[in-house]
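The structure under discussion appears below in the form of structure tokens.
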Amino acid sequence: MKVLKKVLPYAITVLMAVILAIDYDLFIVENEFAPAGLNGLATMIQYMTGFSIGYMSLLINLPLCILAFFLIDRKFAVTSFVFVVVYSFSYLFLQSLDLSFIRYHAFGHNTIFPAIISGVIGGFVGGVCIKYGSSTGGTDIISKYINKKHPNFNFFLVTFILNTVIAVVSLFVYSKEGSLNYEPVALCITYCFISFFVGNYIIKGTKSAYKFTVITEHPDEILEEINHAIKHGATKLEAHGGYTNSRKTVLICVVNKHQLLDFTKIIDRYEDTFSFYEMVYETYGNFANVRSKLKRKRKKDPE
């Protein structure tokens, strides 16, 4: 298991790098638009000069990986380096093949579809890499460095400015015959929005839930209803009201979205009860073991 835990991040990184290379080869380059980040810059350079994205990605990202090794985190730098190398050589290999029969070329019609498809794939790859302690290079490494040095710095603004510059530059790069072509700008914005949304969703987790904080004078009754109606327990804390200085009980309970309405109906039945809830993006812990231990304890001590 220890070996698997060590190998898994690198295996996932290699797989994600291959997927991103396929994404660029099949959906992005053929449809003449620049995606987000520094790879968008590499895409435009290939379009103008023919200098491959594979080589350009190595030139841009290898120095960043070296800096990350000394200035950020060694494991993060190594996994990012693995991603960059695999991605670059995978793209160069795909570029050498005749894949015209499966490449998506919109030919000026419905080009929004490759931007949507590639944005979903790019966001998925970026989110999975970050979740496993790696990155796709480029702005991810810069973001990690800035976050380490200045945790409160708004890197979203830097990313927004960089992607805005790439979108504006693509307006001139992909324009032909003296007329400005605004379509690459729209495709770049579409890619950026979708990849950010998907990546953010992957990073925050798919096990979203709601955490209720309930302040009440009827804790036992509410706990009994919660346990009976939605098969949940809760954490009980003793507290005092700051205004009345009266004794209160605070209940904390995490429920899934399907139980949200049932929980609020329970709370509505009790006077002198105040509650609020907030989104929880991921839950951790082996609650199955806690539940089984509690059952065994009840069997031994029925009272």
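The values are calculated or read from the model by the stated rules, or taken from the named source; none is laboratory data. As the structure is a prediction and not an experimental result, all values here were calculated from the model. Virtual Cβ from ideal backbone geometry, glycine too; neighbours counted across all protein chains shown.
Descriptive notes on the structure:
- Of the candidates 244, 283, 249, the single residue that is over 35 Å from the mean Cα position of the chain (by Cα), at pLDDT below 85, outside the structural domain of residue 20 (by TED's automatic domain parsing) and of a type in the set (Val, Ile, Thr) is 244.
- Helices (runs of 4 or more DSSP H) within the range 1-89 that include 2 or more residues more than 28 Å from residue 164 (Cα to Cα), modelled with pLDDT under 90 and out of contact with any helix residue (DSSP H, G or I) (no Cβ under 8 Å at 6 or more places or on another chain): 2-23
- Among the conditions (1) free of Cβ contacts under 8 Å to residues at least 40 places away in the same chain; (2) surrounded by 10 or more Cβ atoms within 10 Å (Cβ to Cβ), the only one that residue 243 does not satisfy is (2).
- Flag if residue 174 is at pLDDT 80 or above and touching an Asp or Glu at 6+ places or on another chain (Cβ under 6 Å): yes
Quick grid of which residues meet (1) farther than 24 Å from residue 199 by Cβ; (2) in contact (Cβ under 8 Å) with a residue 60 or more places away in the chain; (3) over 23 Å from the mean Cα position of the chain (by Cα):
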residue: 10; (1), (2), (3): no, yes, no
residue: 21; (1), (2), (3): no, yes, no
residue: 30; (1), (2), (3): no, yes, yes
residue: 56; (1), (2), (3): no, no, yes
residue: 64; (1), (2), (3): no, yes, no
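Residue-wise test of (1) more than 29 Å from the chain's Cα centre (by Cα); (2) modelled with pLDDT of 85 or more; (3) among the acidic types (Asp, Glu).
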site	(1), (2), (3)
189	no, yes, no
192	no, yes, no
201	no, no, no
206	no, no, no
209	no, no, no
222	yes, yes, no
236	yes, yes, no
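- Residue 94 touching a helix residue (DSSP H, G or I) at 6+ places or on another chain (Cβ under 6 Å) and under 22 Å from residue 161 (Cα atoms): no
- Among residues of the range 168-187, those that are in contact (Cβ under 8 Å) with a residue 60 or more places away in the chain and either under 8 Å from the mean Cα position of the chain (by Cα) or over 20 Å from residue 116 (Cβ atoms) (or both), counted: 2
- Test: residue 57 is more than 20 Å from residue 168 (Cα to Cα), buried (at least 22 other Cβ atoms within 10 Å of the Cβ), among the hydroxyl-bearing types (Ser, Thr, Tyr) and assigned by TED's automatic domain parsing to the domain that holds residue 135: yes
Condition check ((1) modelled with pLDDT of 80 or more; (2) within 30 Å of residue 261 (Cα to Cα)) across all residues:
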| site | (1), (2) |
| --- | --- |
| 147 | no, no |
| 150 | no, no |
| 156 | no, no |
| 160 | no, no |
| 182 | yes, no |
| 212 | yes, yes |
| 218 | yes, yes |
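- Residue 187 fulfils the conditions (1) surrounded by fewer than 20 Cβ atoms within 10 Å (Cβ to Cβ); (2) hydrophobic (A, V, I, L, M, F, W, C); (3) under 20 Å from residue 42 (Cβ atoms) except for a single criterion, (1).
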